[in-house]
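Visitor: Please find one structure pasted underneath; my questions will follow.
The values are calculated or read from the model by the stated rules, or taken from the named source; none is laboratory data. Please read all numbers here as calculations on a predicted model, not as lab measurements. Cβ sites come from the backbone with ideal geometry, for glycine too, and all protein chains shown count toward neighbours.
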Amino acid sequence: MILPGKTIGVLGGGQLGRMLAQAATRLGYRVHVYEPQANSPAGAVSHEEVNAPYEDLAALTAFARKCDVVTYEFENVPAAPLQAVEALTQLHPHWRVLETAQNRSREKRWLRDHGFPHAPFAEVPAGGDLAAAIAAVKIPCVVKTADFGYDGKGQLKVMAAADAEAAVAKFRGQPAVVEQFVSFACEVSAVVARSAKGDVRVFPISENLHTNHILDFSIVPARVPPDVLAQADKLARSVAEKIGLVGVMGVEFFVTKSGEVLINELAPRTHNSGHYTIDACVTSQFEQQVRAICGLPLGDTSLLSPVVMVNILGDAWSAGEPHWETLLAAPSAHLHLYGKGEARAGRKMGHFTVTAPTVESALATARELKAKL
């Protein structure tokens, strides 16, 4: 058990690391951030920030020696250097969990090999025959780069033969995954936590609305039948147990029109769709991550109020500074900004939540405030 007063190391300096650091310092921990770029959002609220490449083993080793436990805040941290961290201090989740989830081929293969429901897929190695894989999966399908894709980046829908030619040209020479296109009714996600002792907690399932492949609204409780909620909860628990998770993980699902729940992606960290937990749950996903990686008892995941979370993208600055006063005048709204210096279209700059007696009223208010912002 790693008690308050000890040092938590965070690999990655983005907004997830920032909110993790805020939760950890509130509990009395010191936080050190390792991030290649200086002046990161997480570094701004940490006790120490180290700026060096992840592959710099000397810098990474020195960083790890000063930490009682190390975690990561996004899955594009290279897994190989983390083996050096594991030899020096505790590392949670394990680097093998990261290695599985950060590559779509390995992730899909792991889901298939462990019997989890997922869309049919075909793997294409670097220089492989992408056209043949598309033909095998059949159109419509989605072609995705195997490495380093997020928020819709590195993927292309293939809805007709002409799209297949464009996909072959775009992904030529790259390792890729071709997935059968799922005509889903909605998307939901679960944030699951598991301790080293095997205790598991799942936060309330979130219904997620996307715009241009980027999460726009997360709605909790999700507006889906109880059996869908039960399936998602059960699958998230099973994934956490079978992959040997110690920490927090986001599990994204497609819900088909027939009510089937398919796993889309795994993220071995806190998740964008779980930000609502800060304002609407007994324990936030970030405090839960601290508890899990430090060997503390896992916190209560109960929902205190219906809630809607809205991402604030750089697009909100297109006509100048957003109207924060409008948002802050709403008593049910809670603003969270990430301290990023440059607002760019599609860049996540912050989020806000709206709590209300019903999810319908929370969503109506959230839409109104977003429009005014």
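Visitor: Kindly establish whether G43 is more than 30 Å from S238 (Cβ to Cβ), touching a residue at least 12 places away in the same chain (Cβ under 8 Å) and assigned by TED's automatic domain parsing to the domain that holds D163.
Guide: No, not satisfied.
Visitor: Out of the residues in region 349-373 meeting the condition of being surrounded by fewer than 18 Cβ atoms within 10 Å (Cβ to Cβ) and among the basic types (K, R), tell me which one is nearest to the chain's Cα centre (by Cα).
Guide: Checking each candidate, the answer is R367.
Visitor: Yes or no: region 96-103 includes at least one residue that is over 23 Å from the mean Cα position of the chain (by Cα) and either assigned to a strand (DSSP E or B) or among the aliphatic types (A, V, I, L, M) (or both).
Guide: No, region 96-103 has no match at all.
Visitor: Here's something else I'd like to know. Scan region 270-291 and report the pairs whose first residue is in the same structural domain as L304 (by TED's automatic domain parsing) and among the aliphatic types (A, V, I, L, M) and whose second residue is modelled with pLDDT of 95 or more and part of a helix (DSSP H, G or I), with Cβ atoms within less than 6 Å and a gap of 6+ or a chain change.
Guide: If the second residue must be modelled with pLDDT of 95 or more and part of a helix (DSSP H, G or I), the pairs left are V290/A23; V290/A24.
Visitor: Another one. Does region 202-224 hold any residues that are surrounded by 19 or more Cβ atoms within 10 Å (Cβ to Cβ), over 17 Å from A236 (Cα atoms) and of a type in the set (A, V, I, L, M), and which are they?
Guide: Correct list: L215, I219.
Visitor: Report whether or not L229 is in contact (Cβ under 8 Å) with a residue 12 or more places away in the chain, in a helix (DSSP H, G or I) and surrounded by 14 or more Cβ atoms within 10 Å (Cβ to Cβ).
Guide: Considered against the rule, which asks whether it is in contact (Cβ under 8 Å) with a residue 12 or more places away in the chain, in a helix (DSSP H, G or I) and surrounded by 14 or more Cβ atoms within 10 Å (Cβ to Cβ), L229 comes out as yes.
Visitor: Quick test of your reading of the structure: L296 fulfils all but one of (1) buried (at least 17 other Cβ atoms within 10 Å of the Cβ); (2) part of a helix (DSSP H, G or I). Name the failing condition by number.
Guide: Of (1) buried (at least 17 other Cβ atoms within 10 Å of the Cβ); (2) part of a helix (DSSP H, G or I), only one is false for L296: (2).
Visitor: Let me ask another. Are there any pairs with C-beta distances below 8 angstrom linking a residue in region 318-344 that is assigned by TED's automatic domain parsing to the domain that holds A366 to a residue that is of a type in the set (D, E, K, R), with the two at least 6 apart or on different chains, and if so which?
Guide: H323/K372; T326/K372; L327/K372; H334/D279; Y338/R18; Y338/K348; G339/R18; K340/R347
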